[in-house]
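Right, one structure below, let's go through it.
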Amino acid sequence: MKLFTKRKFLCILIVILILLLPACSSKKSASNAGKGTMNSAASYNGAPKSEVSEKTAKDMAVASTGENKTNTTGDTSVKQSEQDSSVRKVIYNASVKFDVKDLKGSYDSILSKASEMGGYVAGSKISDNVSSITVRMPTKLMNSFLKYLDTFEGKNKVSSINTDDVTDQYTDSQSSLRNLKAQEEQLLLIMKKANTVDETLKVEDQLYKVRGQIETIQGRINMWDKLLEYSTISITINKIPEITGGKEVGISFITFKEIKKAITNGFNSTLNFAVRAICDIFIFLVSIIPLLPFIALAVWLVIRYRIKRKKIISK
């Protein structure tokens, strides 16, 4: 009985030992693995654990910020593209030319009507025979203003309407502007986290370039908005020349007194001419007195030469 009890106890003890051995080996391997992981984390780039965790936190913050901005920008661009696709961006320009009899009246009437309809005159000029007016009119009222110009009883009328569809350029510019503004915000965040002067200067240089691009694109969009809101209408008005008959020419008679006066004036004019001619000749002769010796010598030489030549010919 006692022998059976001892054998039973030994069997139970052996079973317990067999079950405990695998558990102890797994605990040792787990503890060794934990120690290896802690040592490798501590030795990462030779940095302490606090610096590694801080750097990782910063990277995750920047990454999450960028991801959120990208998603937000993507959603905004999708909504904006859907909105812009339904509305075309078209710039309208019109030109009208005609001839009228009352140039000044038509000119003043057009200036007044442009202001009355909510537009304004961008430029105007008038002369005796022609006038030119440049009107900026809200696009939705352009057709109404053109119909008003049709009410003038003008001749040789010529009109045209030109369109410029800038939908694609406008949409692309808006997308570029959104992306640049998102980039500007990211650069501002990076500048706040810059630790050295060199890093700050590099970020400021990049920020300056991005803001320059933003101003350029925003200026282009603002220009398009003005051209889209107001259409340009160029008006040229020519004056029709008035055809009038010539003046009547009556028969006029010359009286004896007028004849006598005309003869007297003619005689006086002739006498004055003769006196002036004599005076001119006298002045000429007096002015050449200093030259008379030279003139006499020249005449004497010519006469002597001719006499000698005659003698030679006669021999």
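Here are a few things to note about the model shown:
- Per residue, the convex hull spanned by the Cα atoms of the stretch 90-239 amounts to 125 cubic angstrom.
- Between the stretch 258-273 and the stretch 200-215, the alpha-carbon center distance in angstrom: 94 Å
- Under-5 Å amide H pairs with Tyr230, H placed in peptide plane, nonlocal only: Thr139
- Counting Lys and Arg as +1 and Asp and Glu as -1 over every other residue whose Cβ lies under 12 Å from the Cβ of Gln206, the net charge comes to -1.
- Filter on Lys125/Lys226; Lys140/Lys239; Lys113/Lys140; Lys89/Lys125; Lys125/Lys157; Lys97/Lys226 - keep pairs with C-alpha separation over 22 Å: Lys125/Lys226; Lys140/Lys239; Lys89/Lys125; Lys97/Lys226
Just so you know, all these numbers are worked out from the coordinates, no wet-lab data involved. All of these numbers come straight from a predicted model, not from anything done at the bench. Quick reminder, even Gly has a Cβ in these numbers, built from the backbone with ideal geometry, and neighbours come from all protein chains shown.
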